[in-house]
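Some notes on the structure that comes next.
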């Protein structure tokens, strides 16, 4: 198998492989171009993201700066928003669903390294995929580690380090990130009342 195939299949691979270096070089240029394109040049920014990512949905809004390793391993759904300083280390597949929001400095790390230092120093590493399902909100300065899946409608609190899967419909926070509580009917009632208040005040 080629090093790229080993990489995306979660096997040890050699990160100094020339083909991988060329893909990273291309991604670095596209990230540079994106980060230096004015916000009002929406068409150009969209074209860059279309070339950078494997798949990108409609209404995707990413603030600068944004950085990734390959881009080709990233799939993004519709209505995605990433605030400032998002980093995605995509040596494995990264799947982001619809209606997902990232606060500033959210970092997704699919890459990992051998614990044994001798093997680690031979440029051998591996990656595990990250999956973020629909309607997820991730707070500021959150780190999501390799192999993690975050369930639908879930909120991850600021500063969390996510080391294992988080289920649907919960608020989770901490280091390591743990479920704080479920999201349920009380939340819907509360936020619907806030929406009604907003609609009333916005008419004044």
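Key figures for this structure:
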| item | result |
| --- | --- |
| Compactness of the range 102-183, expressed as Rg and Dmax over alpha-carbon positions, Å | 13.9, 46 |
| Cα-based Rg of the chain normalised by 2.2 N^0.38 Å, two decimals | 1.12 |
| Values of log10 I(q)/I(0), in the order q = 0.21, 0.22 Å⁻¹, for the range 27-115 under a Debye, Cα-only, solvent-free model | -1.01, -1.12 |
| FRET efficiency, residue 192 to residue 63 (Cβ-Cβ, R0 25 Å, nearest 0.05) | 0.25 |
| Fully extended contour minus Cα-Cα distance, from residue 54 to residue 152, at 0.36 nm per residue | 33.1 nm |
| Percent of beta bridges antiparallel (DSSP, the chain, rounded to nearest 5) | 20 percent |
| Gain in span if fully extended, residue 84 to residue 115, counting 0.36 nm per residue against the direct Cα distance | 8.0 nm |
| Extension gain from residue 178 to residue 24, taking 0.36 nm per residue of separation minus the Cα-Cα distance | 52.1 nm |
| Volume per residue of the C-alpha convex hull in the range 74-134, rounded to whole Å³ | 79 Å³ |
| Whole-angstrom gap from the range 137-194 to the range 59-121, using each part's C-alpha centre | 17 Å |
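FYI, it's all coordinate maths here, none of it is from the lab. Remember, predicted model here, so these are calculated numbers, not experimental data. Quick reminder, even Gly has a Cβ in these numbers, built from the backbone with ideal geometry, and neighbours come from all protein chains shown.
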